[in-house]
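Q: I'd like to ask some things about the structure below.
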Amino acid sequence: MLVRTHTALHVLKGAVQKVLGARWTAGVSVEDGKGRLVVQFHRKPTDDEVTLIEEEANQKISDDQGIEELEIDRSEAEARWGDRIYDLFPLPRELTRLRIVNIANWNVNACKERHCSRTGEIGGIRIQKVRFRDAKKLLEISFVIEQKAGDDSYSVKA
């Protein structure tokens, strides 16, 4: 369950980047089929934008795209993807090898967590709440993952 939910964070972030252009992750949390993505942004999105974010995320899940996980030298990762692999929370400079999760043309991040091998394994994403903190310019998006059709291995209740 945690692997699916954590992978959903990466899919959701790709959708947020596509719809809003928000780039920097300021925080994440995952627990038992629920998650929260916090990104740096300058305003609260409209209801239509939130709907579009959810639709884009679920389309990426429906695409059942492969997810690449690799461990490579930090310098090689930076040469390949630039600073797109980073979030607002810095990695120690002495860390010379990075674990990278890459959903091609969607989201790439340095990430130490485990991930699904394909986006379709997530099931679905339903955005539950969006909160904009104007003083800090942070957008919090809370979500749940939904059970895949025919999958009795877990269930999430809102």
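Since every read-out is calculated from the coordinates, none of them should be taken as a lab result. Here the structure is a predicted model, which means the values were calculated and not measured. Here the Cβ positions follow ideal geometry from the backbone for every residue, glycine too, while neighbour counts run over all protein chains shown.
Q: Running a GNM on the chain with Cα contacts under 10 Å, which residue among ARG80, ARG118, ARG36 ends up with the highest mean-square fluctuation?
A: Looking only at ARG80, ARG118, ARG36, the biggest GNM fluctuation is shown by ARG80.
Q: How long is the gain from TRP24 to SER117 if the chain were fully straight, where each residue apart is worth 0.36 nm and the alpha carbon distance is subtracted?
A: That works out to 31.1 nm of additional length.
Q: Hey, another quick one. Name the residues whose placed amide hydrogens come within less than 5 Å of the amide hydrogen of GLU146, ignoring near sequence neighbours (fewer than 5 apart) on the same chain.
A: It is GLY124, ILE125, ARG126, by chain and number.
Q: Run the paramagnetic zone check for MET1: 7 angstrom along Cα to Cβ, then residues of segment 16-34 with backbone nitrogen under 19 Å.
A: 29-34
Q: Further, regarding this structure: Points 7 angstrom from Cα along the Cβ direction at GLU94 and ASP48: gap in nanometres?
A: Going from the GLU94 label point to the ASP48 one covers 5.2 nm.
Q: Here's another thing I want to ask about it. Around ARG133, what is the net charge, scoring Lys/Arg as +1 and Asp/Glu as -1 over all other residues with Cβ under 10 Å from its Cβ?
A: Local charge sum for ARG133: +2.
Q: What net charge is computed for the residues neighbouring VAL30, neighbours being all others with C-beta under 11 Å from the C-beta of VAL30, Lys and Arg scored +1, Asp and Glu -1?
A: That works out to 0.
Q: Using unit Cβ charges (K, R positive; D, E negative) and no other charged atoms, how large, in debye to the nearest 20, is the dipole of segment 2-146 about its Cα centre?
A: Magnitude of the dipole: close to 520 debye.
Q: May I pose another question? Would you calculate a helix-derived [θ] at 222 nm for the chain, using -39,500 (n - 2.57) for each DSSP H run of n ≥ 4 and dividing by the full residue count, to the nearest 500?
A: It comes out at -9000 deg cm²/dmol, rounded to the nearest 500.
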